[in-house]
Amino acid sequence: MVERTRGIDIACHGILILGGLLVCLPIYFAFVVGSHTVGDVLAVPPPWLPGREFFANAWAAWEKGNLGRLFVNSFIVAAGIAVGKIAVSLLSAFAIAYFRFRWRMLAFWLIFVSLMLPVEVRILPTYEAVANVALPLQWLIDALDLGRWLGIEVTLDWNMMNSYGGLILPLVASATATFLFRQFFLTVPEELAEAARIDGASPLRFFRSVLLPLSVSNIVALGIILFLYGWNQYLWPLLFTTDKNMATAVIGLKDLIPQSDTEPAWNVAMNAALLVMLPPVIVVIALQRWLVKGLVDAGK
Amino acid sequence: MRASTSLSPALPGPVVTAPRRRRVAPAGGTRGLKRAHFREARLPLLLLLPQLLVLLLFFFIPALRALSQSFVLTDPFGNSVQFVWLDNFRRLIESPEYRSSIGVTFWFTLAQNALTIVMALVLAFATDRVLRGRGFYRSVILLPYAIAPVIAGILWAFLFNTAVGPISFVLHGLGIDWDPNRHGIDAFLLVTFAASWKHICYDYIFLIAALLSVPPSLLEAAAVDGAGPLLRFARISLPMIGPTIFFLVVMNFVYGFFETFAIVDAVTHGGPGGATMILVYKVYIDGFVHIDLGSSAAQSVLMMIFALVLTVLQFRYVERNVNYDV
């Protein structure tokens, strides 16, 4: 800066160190507790320094929480949400920004409306929708009385509980990414599309050879945010998975937390918490620059 | 960023489309549409199909279901359905639990918002000032962004656990009767801390980005006039990042309202005595535990209305930056 202000600079370092400590405090204690035996955890005073049982506890947490299987589920769900949302959003943003067609306004507003309501406010009906995806079709059949026409009783049932589809699709159903890509497309120079047209490229060819390569940095940035979002989901996996083998790591972790009537195995639980937060933490540390870009872009 | 449809010069190139345009925008463009666009009828609909289908099944139908269920009374097994007009809403507004839940949600989001914004502002100001170690500080403060709300809740629940938590130990040593299982206010504070801890990094990122975009020339001019760093921050930076702060306040409300479900579920289950029963958690309890479908649907509808208000507020900010006209 312009002038020397030692006092303020030192205070700033002090503030940042305090902030950093505040961020690390819970993580540090998770590590401390995660490396002790149950007996040590219950001791008075509680342990302040790490012990020696870290790997034993990690192994116990991995086994007891079935984390191997749950990690695979979490990876599939997080990657599925990221890929699915980016794929459908790229296509629809391309359609809205680059085509003039009859229902353009309607499509725009249908997508836009979905931007306004977070999934959390439709907990129960969304649960029903996942429990039987074919229900709307059933209503149609009942309303038209098709059963009598065909002479058979028509009962449609397509249950998506305990499936990856049920975990992924309700979270793909929002339009934030569509608007991010649309905004980005609007900043792409007009000359590129004109040149592509002169060269005789079809719209899809233009999309694949010009627009997609230009969007790579946006796609990566958004992919990181969506992966974290998917990995850290709680409410939907909690509702849609009754089968323990289909749960995600975050849900599995919750089952390891000691309740009032179980053994207070906080050492195993805290170790599991560290394990479950590890993949997203690695992603954030490794891809920080992209994450920040994606967040700030998405907020615009 | 402003949509750049009018940035490129209006060349009468070979791609001049729409020969019979009825509504010609003055700046020579169809707003929100690329000037060089394609005129095909079926392809765009095909491109839109996946998104519209997913939205229909998992957004529009559920939202309309919530709306229609809020006007009927269904028994838990779905055998009888009775149309009751606004009875569900009346019952809801009259119920003391719901009113107290509104109060809890209001104070919780407010406290969480104030704590988060103030801490993030102080940290962003400090990061903007320091030269050494800036990247390191930023990485550390960013960490909670990676951590799931439920894990943030579990970590704080442990620290303040009356039997094993180190912070509880210190508090008890100081003679404070800390017990979030019995004292509503303790549980409320615990949930607020966990929620804020998880969310400060989000506000921090945006504030740093906003501070970076304050023109250095303004700050230098003020410095030449003898204004110190704090005065410059208060008089120049703060007003210039005002829109970002407003945006963050709205986003914090959205976060407090909708994304703290996991924290409450992991830490307090809404208790003790409803002290942390925020609205999202109450929808879940009434719908899935008490199986009171009408009430749960009516609550959903009220929350949708609130979400709409927040979105409108948010776009009052966003519309300055983005042109959402089609």
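So the values come out like this:
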item	result
Subset of the stretch A:110-138 (residues that are among the β-branched types (V, I, T) and open to solvent by 50 Å² or more (accessible area, probe 1.4 Å))	A:V113
Enumeration of residues in the stretch A:242-256 that are open to solvent by 20 Å² or more (accessible area, probe 1.4 Å) and not in a helix (DSSP H, G or I)	A:T242, A:D243
Count of the stretch A:105-123 residues which are part of a helix (DSSP H, G or I) and either at the interface with another protein chain (Cβ under 7 Å from one of its Cβ atoms) or aromatic (F, W, Y) (or both)	12
Any hit, the stretch B:57-80, residues being under 30 Å from B:I208 (Cβ atoms), among the basic types (K, R) and either within 14 Å of chain A (Cβ to nearest Cβ) or part of a loop (DSSP other than H, G, I, E, B) (or both)	no
Unmet requirement for B:D128, which otherwise passes all of (1) over 30 Å from A:G252 (Cα atoms); (2) in contact (Cβ under 8 Å) with a residue 24 or more places away in the chain; (3) open to solvent by less than 40 Å² (accessible area, probe 1.4 Å); (4) not basic (K, R)	(3)
Selection count where residues are closer than 30 Å to A:I251 by Cβ, outside any helix (DSSP H, G or I) and more than 8 Å from chain A (Cβ to nearest Cβ), scope the stretch B:154-174	2
Unique match (being within 30 Å of A:A58 (Cβ to Cβ) and open to solvent by 10 Å² or more (accessible area, probe 1.4 Å)) among A:L287, A:L291	A:L287
The one condition in (1) modelled with pLDDT of 90 or more; (2) of a type in the set (V, I, T); (3) not in a helix (DSSP H, G or I) that B:V264 fails to fulfil	(3)
Residues of the stretch A:265-279 classified as surrounded by fewer than 24 Cβ atoms within 10 Å (Cβ to Cβ), in contact (Cβ under 8 Å) with a residue 12 or more places away in the chain and of a type in the set (A, V, I, L, M, F, W, C), total	3
Qualifying residue in the stretch B:104-115 (condition: hydrophobic (A, V, I, L, M, F, W, C), within 14 Å of another protein chain (Cβ to nearest Cβ) and more than 30 Å from B:D186 (Cα to Cα))	no
Failed criterion for A:R52 (all others in (1) more than 30 Å from A:N245 (Cα to Cα); (2) touching a residue at least 60 places away in the same chain (Cβ under 8 Å); (3) open to solvent by 40 Å² or more (accessible area, probe 1.4 Å) hold)	(2)
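The values are calculated or read from the model by the stated rules, or taken from the named source; none is laboratory data. What you are looking at is a predicted structure, and each value in this text was computed from that prediction instead of being measured. Note: ideal-geometry Cβ built from the backbone for every residue, glycine included; neighbour counts use all protein chains shown. Note: accessible area is taken over every heavy atom of the protein model, side chains too, but ligands, DNA and RNA are not part of it. Shrake-Rupley method; radii C 1.70, N 1.55, O 1.52, S 1.80 Å.
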